[in-house]
Every structure is written in structure tokens, then in C-alpha cells.
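Data first, discussion second: the structure below is written as C-alpha cells.
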Protein chains: 2
Amino acid sequence: MHTDPQPQPVLIRDTSLRDGLQSIARTVPTEVKRAWLRGLHGAGLRAVEVGSFVPPRLLPQLADTAELVAFARTLPGLDVTVLVPNLKGAERALESGAHTMVLPLSASRAHSLANLRKPPEEVVRELGAIRAARDSAGSPCVIEAGISTAFGCTLQGPVPIEAVLALVQAVLDLGIDRVALADTVGYADPAAVARVFEAVRRVAGDRLAGAHFHDTRGLGAANAYAAWSVGVRAFDGCVGGIGGCPHAPGASGNVATEDLAYLFASMGVPTGLDFDALIALRAEIAGWLEGEPLHGAIWRAGLPKTMRPHAAA
Amino acid sequence: MHTDPQPQPVLIRDTSLRDGLQSIARTVPTEVKRAWLRGLHGAGLRAVEVGSFVPPRLLPQLADTAELVAFARTLPGLDVTVLVPNLKGAERALESGAHTMVLPLSASRAHSLANLRKPPEEVVRELGAIRAARDSAGSPCVIEAGISTAFGCTLQGPVPIEAVLALVQAVLDLGIDRVALADTVGYADPAAVARVFEAVRRVAGDRLAGAHFHDTRGLGAANAYAAWSVGVRAFDGCVGGIGGCPHAPGASGNVATEDLAYLFASMGVPTGLDFDALIALRAEIAGWLEGEPLHGAIWRAGLPKTMRPHAAA
């Protein structure tokens, strides 16, 4: 439907193997995760967060992250991303050969203390040590700072835009490669999204990378559109919308990768994703996670007839 | 979260008693519909589409529309709206004392022929006769032309913007009070919404009234935000997201009134709606329509803590 001659493509990164699985108690066998990864790659995903280098006793579901990185690196053209909570995790990420590591920093002080057991300024210092470790290892690994609770926090309440901007500036001052903003708890609204991303872009320029939205309150697609409308071109999602907070029963989790694929395809924006392959993978995941609720919207009604046979490519 | 000092309010019109119930086979007793209407009014709705003046043999569910108009007129400050398919329906609407009548016109020729059994130009002529009947009756009833399939059609496929603009111009030439655009089949995307509403505003100015979205593919809130971002300030919704097309199993229907209330409240835009009362009414409707699927997103997770205790007012 879009009339622009050549809209700029959008990069969708799937985080179902990390943000999705970390909130689900069961441990998915590594062999199944490999099939999951093959499914994502086959559906056209070229950026996948495959796990997290946290201590296995905290998240046994993600204990096989190094193995998954090794496998993911065999899939052509895939940016293999991992989450790291601290320097120790970053060292493991560097050893693993991951292409990108994401370090979360909370704009909410209360969330930072609860989640990372450190105030934000201490996490910033740790990020400096991570950068130094990456550089002295001569590694090409890209470091992304993920500013979490950028749109509000269940513990602290409102998060002022000044706190977000201060954290972004601190991270940029360290020479970190890129910055993303996350609506960790599903409090973002599209007006705030447009406002905060625009303000961060003024500070970060091209180092503002992406957006990470949850669909907790049905605004995932609206927030993605709002971010896109102010120039954001990279988005995290989870196939099947998994990743709901275990403390909010009935709440859905991350915005579904297939819903993002549909949103952008509906506007004529290329994502490189194969819609039917995503829906097929969603069905496989439903089997692998039997009993866990999946979410998302487009899987029910499917593509409009007007979008066939081009699918969401 | 919004920082504008006094954002302009948005008017949400609930159409659950018309667009919601017309797609559900069972007939809801008039006494229940009165309780439904009281619930809507109590939740702050000041515009409600209470029914449709179609032949009762076609839609027996809506055969009590005249009774409902009479009751709705007793609720203070309520704009009582009905849908009319033709001149005969309009005459019944004028007799009933409804404040507003909506006549649907399809921008898709194929949809017009299938749904109204007339091509669009014949519906335009009928609208002229309706305006003459209203004027000669000396009635203050407002006539709204609802341009359906404005964003695509299941029968015809793509609907060119030129067809929408031509129909809008024809309707304006008749001196019709206002025009609204409807995504009848859930094909709209936010970029198209912004583009088409902007183009129609250039033609219709302040006579462009509102937007009617379905949430068939999860873009209801994104489309409402896109329309709002280009200046639209009136939106249709259905409590509980009812109104799914009976020919698309699993597809949800109209965008949920409570989801619209949350969307705008999250941006600090006043709607006058009481969020808790809407959620309570949704639960009552679930009982009245036992066995019918309800939809919508916000009812699951509820308002963010940051929005308490102000609710969605």
C-alpha cells in the first residue's frame, strides 16, 4: 500500500531464545533450540539474540548459550547476539565468538538495584571495563547498551526523560558502539515513544540502534510504528509473543516477531522476513512449549488477501 | 506521560450495540441492551451507536432499535446514533428522534454491490434523498457518511485513494454534515491511515469526523494512533472488541473501546471515560454473551501503576 519508491528496510531481531525463554521455567533441550534457530534463520531473521551469559544457577534455561553461539555462527549472514549482565558475562561472550553483546542498564534506579543489584552509575563503570576488555582482546564484537525501563518502571513509577538521556550520554562518553531503548515493563505509549526516541537521537545520532517493546497492554505495534515514524529502523521481537512477566499473569510478553513483520510489510517496508515461515515456526514453538501461552495477533486472521502472494518479504 | 499542557480531548463512540451485536447470531433482550447502554453511559461514553434501521428480517438482533433510541435519549448528554442503510431506514431514524445517523457508503464497488446491492453512485443519490428528507422534516439530526472499505476490501482487493476521495467529494457536494472513514475488513496499516486521513482532511476540512477501525490483525491501536497523529479526534470502538466477522473465525472485531481509552489515557489525552467502569462492563457483557469470544488487550494486564489512581479519565 505504501507509495514511497524504495522505503528503507527495517531489521527485526528475534529474542525469543533469550527474553522469551528466560521467563519460562522449563528448560528447552539444546537440540530443540538449534531447530528453533534454524527456523528463525530460515524465516529470514538475520539478527538473533540466542541467550544470556548469566550464571547458570540463576537461569538454567540459558546455560547452553555458548553452544548456541557456536551453532548460530554456522548460519550464514546471521548477527549472533547475546545478553551479558556484567564483565564476567562479557568475557564469556568474547570467548564464545558472539558478534554482538547487549548490556542492560536501567534508567530506573530502583529497577537497577533490584535487577542488577547495582545503581546505574556502577553499571556504567562496568560497561567501561567491558569495552576495555573487548578492545584489549582485539575482538570485533559490537557492544550495545540496552537502556531498560526507559518508559517507566513497576518499582519506581515514572522514569524522567532526563534519566534516560543522562544514561545515554554516559554510555556514549564511554565510546559504546550503540544504544537501544527498552520498554521493559510495557508502560510505553506511542507519544512517549516518539518523544523519547527523538530526544535520544539528538544525543546519540546514528549510534541510536533499536527499540525493544513488550506488548503487555496491546500497544506493541503502535509503539513500534511511533518509533519507526521518528526514524528507528531496528526492532526486537519474539516469535509467538513469548516472554510474559511471570509476575503478571495473563499479560503477554514481547511484541511478536510475526506481528512486527506484518506491521512493516503492511506499510510496504522491507524486512526480509518470510511470513508463512514465521507462522509455521510459531506452530512448532507451540508444540515445544506445550502448555505455555503464546501471544500475538496476526497469526489468527493471517495476511490480507491484498498482500498475497508476496507475503511479508 | 504527555507533556503538552492541555491536549485536545478525543471523543470515543461505542458501537457495540450495533456493529458488535449485528455479527452475533443471538438476539440480546431489550432489557439487557438497556443495562448495556446504562453501563456505557455510566462509564462516560457520550456517543453511542445503539442500533440500525435495517429490515428486522435481515437483522432480528437489532429489531428493537427504535425502543433503544427512545431509552438512550433519556440518558443525559448522550449523542444517540443509529446506522441507516437507505432512505427508508433514514425515515425511521428521523421518526425515532436519533441525534445522528450514519449512512455507510463503500469505496469499493464490489463491496457496495455485495453489501448494499447498489453501486456507490446510487448510494450517493440515496444520501441526497436522505438529506432532503431530513431538511423537509425540519429535523436537527446530523447526517454522517461512513466511507467503508476505505483501506482495502476482501472482495475487490486494493481500494485506490482516488476512489475514497471521489466519494468524499460527492458526499460533501451534497452538503452532508460530516464524513468518517472505516477500515471495514481490517486491512488498514498506520502509514496508509495517516496518508488517507490527511488527504481526506485536505478535501473535507472540519467535516472529516472520525475513524472506525477493526483490530482483525492487531493494528487497531497503531491505526488509531496514526489517525490521531494527523489530527483525527473521534474514534469508534466496541467494549470487549466484539464484532468479529463471522466469515473469519478467530479474527477479532472492532478495536476495543477500553483499548482506545487506554491508548489515549496513556498519552495524557482526555476521553472522559472511566477505565474501571469499562472493564466492569466488559465482564457484564461476557456474561450476557456467554460463549461468544471477547477480544481486546488491556483487560488482561490492567493499567500501569503509574496511571493509578487517575484511571483513564
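The values are calculated or read from the model by the stated rules, or taken from the named source; none is laboratory data. Bear in mind the structure is a predicted one, so any value in this text is a computation, not a measurement. Cβ coordinates were reconstructed from backbone atoms using ideal geometry, including for glycine residues, and neighbour counts include every protein chain displayed.
Things to note:
- Verdict on B:L155 being within 14 Å of chain A (Cβ to nearest Cβ) and either closer than 21 Å to B:G210 by Cα or in contact (Cβ under 8 Å) with a residue 40 or more places away in the chain (or both): yes
- Evaluation of A:R134 against (1) assigned to a helix (DSSP H, G or I); (2) within 14 Å of chain B (Cβ to nearest Cβ) (one fails), failing number: (2)
- Taken together, B:A192, B:A188, B:A182, B:A170 contain a single residue that is more than 11 Å from every other protein chain (Cβ to nearest Cβ) and touching a Phe, Trp or Tyr at 6+ places or on another chain (Cβ under 9 Å), which is B:A182.
Yes/no matrix, rows are residues, columns are (1) under 17 Å from the mean Cα position of the chain (by Cα); (2) surrounded by 24 or more Cβ atoms within 10 Å (Cβ to Cβ):
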site: B:H41; (1), (2): yes, no
site: B:D64; (1), (2): no, no
site: B:P76; (1), (2): no, no
site: B:P85; (1), (2): yes, no
site: B:A90; (1), (2): no, yes
site: B:H99; (1), (2): yes, no
site: B:H111; (1), (2): no, no
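- Test result for A:I242, in contact (Cβ under 8 Å) with a residue 24 or more places away in the chain, surrounded by 24 or more Cβ atoms within 10 Å (Cβ to Cβ) and within 13 Å of another protein chain (Cβ to nearest Cβ): no
- Selection status of B:R131, modelled with pLDDT under 95 and under 23 Å from B:T15 (Cβ atoms): no
- Single unsatisfied condition, A:E162 versus (1) modelled with pLDDT of 95 or more; (2) facing another protein chain (nearest Cβ under 8 Å); (3) surrounded by fewer than 19 Cβ atoms within 10 Å (Cβ to Cβ): (2)
- Number of residues in the range B:1-39 that are more than 14 Å from the chain's Cα centre (by Cα) and in a helix (DSSP H, G or I) equals 10.
Let's see how each residue does on (1) surrounded by fewer than 20 Cβ atoms within 10 Å (Cβ to Cβ); (2) without any contact (Cβ under 8 Å) to a residue 40 or more places away in the chain; (3) in a helix (DSSP H, G or I):
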position	(1), (2), (3)
B:K118	yes, yes, no
B:P140	yes, no, no
B:G146	no, no, no
B:L181	no, yes, no
B:A191	no, yes, yes
B:R202	yes, yes, yes
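- Positions within the range A:177-192 being over 18 Å from A:G157 (Cβ atoms) and in contact with a Lys or Arg (Cβ under 8 Å, 6 or more places away or on another chain), in sequence order: A:D177, A:R178, A:V179
- Comparison of A:Q22, A:Q6 shows that the only residue that is away from every other protein chain (no Cβ under 14 Å), exposed (fewer than 15 other Cβ atoms within 10 Å of the Cβ) and of a type in the set (S, T, N, Q) is A:Q6.
- Being under 17 Å from the mean Cα position of the chain (by Cα) and aliphatic (A, V, I, L, M) is a condition met by at least one residue of the range A:126-142.
- As for the range A:182-192, it holds no residue that is touching a strand residue (DSSP E or B) at 6+ places or on another chain (Cβ under 7 Å) and within 20 Å of A:R131 (Cα to Cα).
- Filter pass, A:A170 being in a helix (DSSP H, G or I), small (G, A, S) and within 24 Å of A:H99 (Cα to Cα): yes
- Residues being more than 14 Å from A:F264 (Cβ to Cβ), surrounded by 24 or more Cβ atoms within 10 Å (Cβ to Cβ) and of a type outside the set (G, A, S) - total across the range A:214-233: 5
- Looking only at the range B:258-313, and only at residues there that are in contact (Cβ under 8 Å) with a residue 40 or more places away in the chain and among the charged types (D, E, K, R), the one that is farthest from the other protein chains (Cβ to nearest Cβ): B:E284
- Test result for B:D236, crowded, with 19+ Cβ neighbours inside 10 Å, more than 8 Å from chain A (Cβ to nearest Cβ), of a type in the set (D, E) and under 22 Å from B:D189 (Cα atoms): yes
- Test: residue in the range A:73-81 that is in contact (Cβ under 8 Å) with a residue 12 or more places away in the chain and in a helix (DSSP H, G or I): no
- Close pairs from the range A:16-43: first at pLDDT 95 or above, partner among the hydroxyl-bearing types (S, T, Y), Cβ under 7 Å, at least 6 apart: A:R18/A:S52
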